[in-house]
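Quick notes on the structure that follows.
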Amino acid sequence: MWIVPAEPTGPPIDADPKSGSGAEMKFVLAGFAGSGKTTLFNAMTGLEVPVGYGGEVRVGTVRVPDPRVDYLSRVHSPRKTTWATISLRDVPGEYGASSRVLSSSALAQIRDQEAMCLVLRDFVNPALDAPPDPLGDLRSFHDECVLDDLGIVERRLDRARKERADGREIDAFETMVKALEDGRALRLVPTTELDRRFLRGYGLLTDMPLLAAVNVDEAQVSEPLAPELCRAIGEMGGAGMVLSARVEAEVAALDEEDQAEFLEDMGLAEPTLARFIRAAYELMDLISFLTVGPDEVRAWTIRRGTVARTAAGRVHSDMERGFIRAEIIPYELFAEYGSEQAVKEVGRMRVEGKDYIVADGDIMHVRFNV
């Protein structure tokens, strides 16, 4: 189960204009020590990094399953098939002497990502004296992020006033200060009130998309989120889901044919990774368009509402700069007729201009000239 905020937030998905390869969506796993996030990280990435407190940031990549890419790869037999991916970062958690804390360095590492998954402990951990308190952990983490953002925003506002910066920038930072002083996450401030152009480059934590993952015991894994957690996550503009990192570790260790039976016994329809990816895509309002050919079949991640010219820039900056038109075949239409040529013969391929809004599953061929 998950809940999703009404207005997606966060930075745009960037592309590398030199290599032409779209950057991975970068998701950070955050949380206090003992939350089980490293166990979850290992289960989802297939890595075996040490479980424990402290240490380095761990990085892993997970593939976004897409049966459309599978089918197109079978049809075209390309030299290379590339699925969309999510890059996961596991930031070490820490506990202070008497309260839940994350160090300033940990918060800085979270800032470098596009979205965060906060893992909340709701199971008994023998290594910790404190009983599980996911709601308390959620609120403590939120408070830390608010205070950290407030310090950054206040410093920039003071400097902007001294430098007599653009009045629109000052207005934006004054709006942010007011929201943060009220304990309100910036992701809740609508774009009609806050010009987010002035947020770029600051990595403000409370403006990042937030997915709260409540890590429970095996016996609770099929249960929904507690109502009080649902309310609190919603009040912070986040999305929420229930999972069990221990169960996921067991699933990951099984052969593929045994996984479905194990999940059914646990009362689960699919593994956490699939639910996590779907929740992440909904949280950030992401879709995929597709490119096909003898060299490569590939899925490209963009935000819903992206126009064709900007989407072309995900493939290569030259395509965006010299964009002429996009030839579009919806995936469902391709699957119905079985080939591009067959779609063209019945006159169903569309030719669209630079302002066409790309739809999920569009197979796009860009005509350009530079």
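A compact table of results
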quantity	calculated
Stretchable slack from Ser104 to Ala335, in nm (0.36 nm times residue separation minus alpha-carbon distance)	78.1 nm
FRET E, pair Gln220, Arg164, Förster distance 41 Å, beta-carbon r, rounded to 0.05	0.15
Anisotropy class of the stretch 189-255 from Cα gyration tensor, a/c 1.5 cut	oblate
Convex hull of the stretch 206-326 built on C-alpha atoms - directionally averaged projected area, nm²	11.0 nm²
Pairwise centroid distance, computed over Cα atoms, of the stretch 113-147 with the stretch 301-370, Å	43 Å
Two-decimal Rg to Rh for the stretch 131-227 - Kirkwood Rh, Cα set	1.12
Sites Glu235 and Arg63 - FRET efficiency at Förster radius 30 Å, r taken between beta-carbons, to 0.05	0.35
Three-way shape label, the chain, alpha-carbon gyration tensor, a/c 1.5	oblate
Options Val153, Tyr71, Leu138, ranked by Cα towards positive dipole end of the chain, top entry (Cβ charges)	Val153
GNM top mover of Tyr281, Tyr331, Tyr71 - the chain, alpha-carbon springs below 10 Å	Tyr71
Under the Debye formula (equal points on every Cα, no solvent term), log10 I(q)/I(0) of the stretch 305-368 at q = 0.16, 0.20, 0.21, 0.26 Å⁻¹	-0.49, -0.72, -0.78, -1.04
Sparsely packed trypsin sites (Lys or Arg not before Pro) within the stretch 271-367, loop by DSSP, other Cβ within 10 Å at most 15	Arg304, Arg348, Lys354
Computed over the chain: relative contact order in percent, which uses C-alpha pairs under 8 Å that are six or more apart	22 percent
Inter-centroid distance (Cα atoms) of the stretch 235-261 relative to the stretch 153-209, Å	37 Å
Choice from Asp129, Asp112, Asp295 with maximal GNM fluctuation in the chain (Cα, 10 Å cutoff)	Asp129
Computed lengthening from Ala127 to Asp265, 0.36 nm per intervening residue step minus Cα-Cα distance	46.8 nm
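Quick note: the coordinates plus some simple rules give every number you see, no bench work behind them. Remember, it's a predicted structure, so these values are computed and weren't measured experimentally. Every residue, glycine as well, gets a Cβ built from its backbone with ideal geometry; the counts of neighbours run over all protein chains shown.
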